[in-house]
Amino acid sequence: MNTEPHEPVGIDCDRCVVRSPAACGDCVVTVLLGGPPVGIEIAADEQAALDALAAGGLVPPLRLVVGIPERRTDSA
């Protein structure tokens, strides 16, 4: 288990690239909150607790996958 401090994790389910009934149904956010929220922030200590619960098989892990924004290139 990582004991280094982490930044809070912002979760915006609308930006998750794997969002689907199958993926959301096996995500800790859905398990704990009953469905994809508009957006939440999980503090570092809360993330560590969720990681420990997931490692023990008590809850599914966070399935959030955020895509990389497309870079615009200006053509001359």
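The values are calculated or read from the model by the stated rules, or taken from the named source; none is laboratory data. Please read these numbers as outputs of a predicted model, since none were measured by experiment. Here the Cβ positions follow ideal geometry from the backbone for every residue, glycine too, while neighbour counts run over all protein chains shown.
Some notes on this structure:
- Flag if residue 76 is among the small types (Gly, Ala, Ser), out of contact with any Phe, Trp or Tyr (no Cβ under 8 Å at 6 or more places or on another chain) and either part of a helix (DSSP H, G or I) or modelled with pLDDT of 80 or more (or both): no
- Residues being assigned to a strand (DSSP E or B) and farther than 15 Å from residue 61 by Cβ - total across the stretch 6-26: 1
- Selection count, the stretch 13-26, where residues are surrounded by fewer than 15 Cβ atoms within 10 Å (Cβ to Cβ) and either closer than 16 Å to residue 48 by Cβ or free of Cβ contacts under 8 Å to residues at least 40 places away in the same chain (or both): 6
- Scan the stretch 1-12 for residues that are loosely packed, with under 12 Cβ neighbours inside 10 Å and at pLDDT 75 or above and the total you get is 1.
- Single residue of the stretch 34-55 satisfying the filter (at pLDDT below 80 and either over 25 Å from residue 68 (Cβ atoms) or among the aromatic types (Phe, Trp, Tyr) (or both)) that is nearest to the chain's Cα centre (by Cα): 35
- Per this entry, residue 58 is counted among residues that are at pLDDT 80 or above, over 10 Å from the mean Cα position of the chain (by Cα), of a type in the set (A, V, I, L, M) and part of a loop (DSSP other than H, G, I, E, B).
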